[in-house]
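To start, the structure under review is shown below, and the notes come after it.
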Amino acid sequence: MKLVFAGTPEVAVPALDALIASGRHEVAAVVTRPDAPAGRGRRLVASPVAERAEEAGIEVLKPAKPRDPEFLERLRGIAPDCCPVVAYGALLPRVALDIPAHGWVNLHFSLLPAWRGAAPVQHAVMAGDEITGASTFLIEEGLDSGPVYGTVTETVRPTDTSGDLLTRLAFAGAGLLAATMDGIADGTLKAVPQPAEGVTLAPKITVEDARVDWATPALRVDRVVRGCTPAPGAWTTFRGERLKLVQVALAPELTDLTPGQLAVGKNSVHVGTGSHAVELVWVQAQGKKPMRAADWARGVRIADGETLGA
């Protein structure tokens, strides 16, 4: 088939690579979000997908909105058979959805209908899911509600951050998306409607969602920290300033600390929760680089009775 691939961040690059390497299909163009300011200088930078497409000599389209008439005219001119999508980042209007003969097929990083929305991997980690995966489905105008072509499963490991899990799903999902394109081209793959039960939503994680509530159980604290790593980053406050929590570890042997209470050892820092304590392993103070929590504690000279999140 002739394909137009839509995607923007680094997590979409493995799928683009898989389609380029498949040899069965022609990636005629790539659709991605416009260049965005990045770094201290805030200079405009192309998306990872745009950079990869340019390296491969593929035409890159960067509409401000996918309903822009110039973009729609160019898409009709290319006349793609199908448009595979991975984390494109913009809502596709019906006029665009109707252009390719086989529609737009999205690679979504959950086992649909679970975790429909912008942050499925983060929500899976924060909810304590033991198994998640990726799905390919035909895009409709509803939120991730279209019929499913195929899935792959992935175990959520006890120490996984959302970044760890998303990296593995990006590569597993790349193979799934390529296989889905093959099945659509062959006519051997039919999309199956999602079940009505089991729907859960995964809206974007806000900065406030990433704030740790020390009154919740230690298991919840650990899941929030892992689910919000690397973005938006779990955090708390110390002496009125924000403290980012990069890594914590469960410490079930310590049960005598109240929620938020700090206990500093020679080479360790523990904090109380609604159940048992957690150990702070890596933290990042405002304006500082990430550091071992023990080094941070030595630097700020924590007094007896001091707390986090007060």
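Only lysine pairs 8 or more places apart or on separate chains count here, and in the chain those with Cα atoms under 28 Å apart total 13. Which of the three applies to region 180-310, rounded, prolate or oblate, going by the alpha-carbon gyration tensor with a ≥ b ≥ c and a/c under 1.5 meaning rounded? Since a/c reaches 1.5 and a/b is larger than b/c, the shape of region 180-310 is classed as prolate. Toward the positive end of the charge dipole of region 13-73, with +1 on the Cβ of Lys and Arg and -1 on the Cβ of Asp and Glu, the farthest Cα among Gly39, His25, Leu72 is that of Gly39. Ligands, DNA and RNA left out, the 1.4 Å accessible surface of the chain is 53% carbon and sulfur atoms. When a/c is below 1.5 the answer is rounded, else prolate if a/b is larger than b/c, else oblate, so apply that to region 217-266 with a ≥ b ≥ c taken from the square roots of the Cα gyration tensor eigenvalues. Here region 217-266 falls in the oblate category. Our estimate of slack between Arg157 and Ser268, defined as 0.36 nm per intervening residue step minus the Cα-Cα distance, is 37.5 nm.
Count the net charge of all other residues whose Cβ sits under 15 Å from the Cβ of Gly265, scoring Lys and Arg as +1 and Asp and Glu as -1.
Result for the neighbourhood of Gly265: -2.
Peptide packing for 68-76, 276-284, 297-305 was compared via the average number of neighbouring C-beta atoms within 10 Å per residue; ordered from the highest value, the list is 276-284, 68-76, 297-305.
For a Förster distance of 45 Å, can you work out the FRET efficiency between the beta-carbons of Glu70 and Asp304, rounded to the nearest 0.05? Provide the component values of the computation, followed by the final result.
On the way: r = 66 Å, r/R0 = 1.46.
My answer for the efficiency is 0.10.
Packing, taken as the mean count of other beta carbons within 10 Å per residue, orders the peptides 77-90, 196-209, 239-252 from highest to lowest as 77-90, 239-252, 196-209.
Each DSSP beta bridge with both residues in the chain is either parallel or antiparallel, and the antiparallel ones are about 65%.
Here is what passes the span test in the chain: the DSSP H helices with alpha carbon length of 27 Å or more along the helix axis and a Kyte-Doolittle mean of 0.5 or above are 162-186.
Calculate, for the chain, the solvent-accessible area per residue in square angstrom, rolling a 1.4 angstrom probe over the heavy atoms of the protein chains. Mind dumping the intermediate values first?
Details: 14840 Å² over 310 residues.
Ligands and nucleic acids excluded, the result is 48 Å² per residue.
Sorted by average packing, counted as other Cβ atoms within 10 angstrom per residue and highest first, what order do 265-271, 46-52 take?
Numbers: 265-271: 16.7, 46-52: 21.0.
The packing order, highest mean first, is 46-52, 265-271.
Overall form of region 1-95: oblate. Here a/c, set by the Cα gyration tensor axes a ≥ b ≥ c, is 1.5 or more, and a/b is not larger than b/c.
The values are calculated or read from the model by the stated rules, or taken from the named source; none is laboratory data. If you're wondering where the values come from, they're calculated on a predicted model, not measured in any experiment. Because the Cβ atoms are built from the backbone with ideal geometry, glycine has one as well, and the counts that use them run over all protein chains shown. Accessible surface is based on the protein model in full, side chains and every heavy atom, while ligands, DNA and RNA are left aside. Shrake-Rupley method; radii C 1.70, N 1.55, O 1.52, S 1.80 Å.
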